Every structure is written in structure tokens, then in C-alpha cells.
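J.: Let me give you the structure first, and then I'll get to my questions.
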Amino acid sequence: MDEARDFEEFAADATRRLFHVAYLMCGDWHRAQDLVQTALAKMYAVWGRLRQGEDEPTLHAYARKVLLRTYLSQRRLRRETELVVAEPGDYARSAAAGGTSPDLRLTLIAALRELPPRNRAVVVLRYLEDHSTEATAEILGCSVSAVKSLSNRSLGKLREILGEDRELLFHD
């Protein structure tokens with residue numbers, strides 16, 4: 001199989017999950033699409049080297065790492081001059097919190113938007129993507145203690161933001 005076709009198959013397989021993570025990170029449908037496209041473009045540029053000896057789970061983990069680093073990099077360099085006015089699509093309503101009402105899902109997404117980018121990345125990776133502390137630290141390129149600290153601060157902030165809605169969001 002040639003490299004271009006191999007990459008196309010990988011991208012088709014990875015895009016939906018990458019978009020899910022990107023949307024939860026940035027809270028904007030179009031920006032999430034741009035992030036996924038940029039991350040895949042970066043991977044395509046080095047695909048021949050990446051593909052040598054790497055298995056699928058490793059490539060998917062690398063794709064998430066590229067996506068998150070791209071997001072954090074863009075957040076540092078970007079000035080927030082755009083005003084988002086469109087309502088989130090159906091994907092946003094189904095992506096955030098499995099068995100809860102759409103209003104509560106949107107509340108969770110809005111609460112995530114209030115966290116700083118690195119804090120949001122930790123919450124998404126640890127609690128929505130279910131990565132270990134060590135895996136989250138590796139993806140973000142920081143120490144395990146930094147992940148624990150960011151996690152504690154982020155959860156405290158989310159508790160504060162969500163208030164009474166917190167009980168409804170996480171009730172089984």
C-alpha cells in the first residue's frame with residue numbers, strides 16, 4: 001500500500017475522535033475542524049517516518065499529542081478577536097456528557113470554556129478521554145505533579161462554575 005493511501009485510511013479512522021477532543025478543548029465547531037486539519041497536515045508531512053515500525057494505537061496517541069500541542073500553541077499565539085455567535089451543532093450536544101439532557105451538556109461545555117487551555121486539556125484527557133495521569137503528562141509534555149496540580153485546580157474551578165448543575169451532570 002502506498003504512503004498516501006495509508007495516510008488517508010489513518011486520517012479517516014482518526015478524524016472523528018480527534019474532532020471530539022478538539023471540540024471539547026476549544027468549544028468551537030469550526031476551530032475544532034481547523035485544529036484537526038492542522039494536526040493531520042503536520043502528521044502527513046512526516047508520515048513516512050512515523051509509519052515505520054509504529055502500530056495503530058501509537059499513531060493515534062501521537063495524533064492526539066500533535067492535536068493538543070497545536071491547540072495550546074495556537075492559544076498562546078492567538079488573539080481572541082472573533083466573536084462566536086452560532087449555536088453548537090448536534091455533535092456538541094451528544095459529545096459532552098452521555099446520558100444527560102442537552103441543556104446540561106451545553107452547561108458542561110460552557111464550563112470547560114471558562115478554564116484556561118492547559119487546565120481544559122488536563123480535564124479532557126483525564127476525565128473525558130480517561131487517560132492516566134502519566135499518559136496525560138506525556139501528551140502535554142509536563143510532569144505528573146503538574147498534571148495533578150492542574151487537575152485539582154481545574155476540578156475546583158468546575159465545581160465552582162457548575163454549582164448545583166454539578167449534581168445533575170454526574171448523577172447516574
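J.: From Cα coordinates alone, what are the radius of gyration and Dmax values for region 3-79 in angstrom?
T.: That works out to 12.3, 40 Å for Rg and Dmax.
J.: Right, next: Run down the lysines and flag those whose C-alpha is under 27 Å from the C-alpha of LYS42, throwing out any fewer than 8 positions away in its chain.
T.: Those lysines meeting the cut-off are LYS65.
J.: With each label point set 7 Å from Cα along the Cα-Cβ vector, what nm distance links ARG5 and ARG159?
T.: Those two pseudo-labels are separated by 5.5 nm.
J.: Pop a pseudo-label 7 angstrom from the Cα along the beta-carbon direction at both TYR44 and SER143 and give the gap in nm to one decimal.
T.: In this crude spin-label approximation the distance works out to 4.0 nm.
J.: Using a Cα-Cα cut-off of under 18 Å, which lysines could be cross-linked to LYS157, ignoring same-chain neighbours fewer than 8 residues away?
T.: LYS148
J.: Next up: Top to bottom by accessible area (1.4 Å), largest first, where do LYS148, LYS157 land?
T.: Details: LYS148 115, LYS157 75 Å².
My answer, sorted largest first, is LYS148, LYS157.
The values are calculated or read from the model by the stated rules, or taken from the named source; none is laboratory data. Since we're looking at a predicted model, the values are computed, not measured. Cβ coordinates were reconstructed from backbone atoms using ideal geometry, including for glycine residues, and neighbour counts include every protein chain displayed. The accessibility values were calculated without ligands, DNA or RNA, using every heavy atom of the protein model including side chains. Shrake-Rupley method; radii C 1.70, N 1.55, O 1.52, S 1.80 Å.
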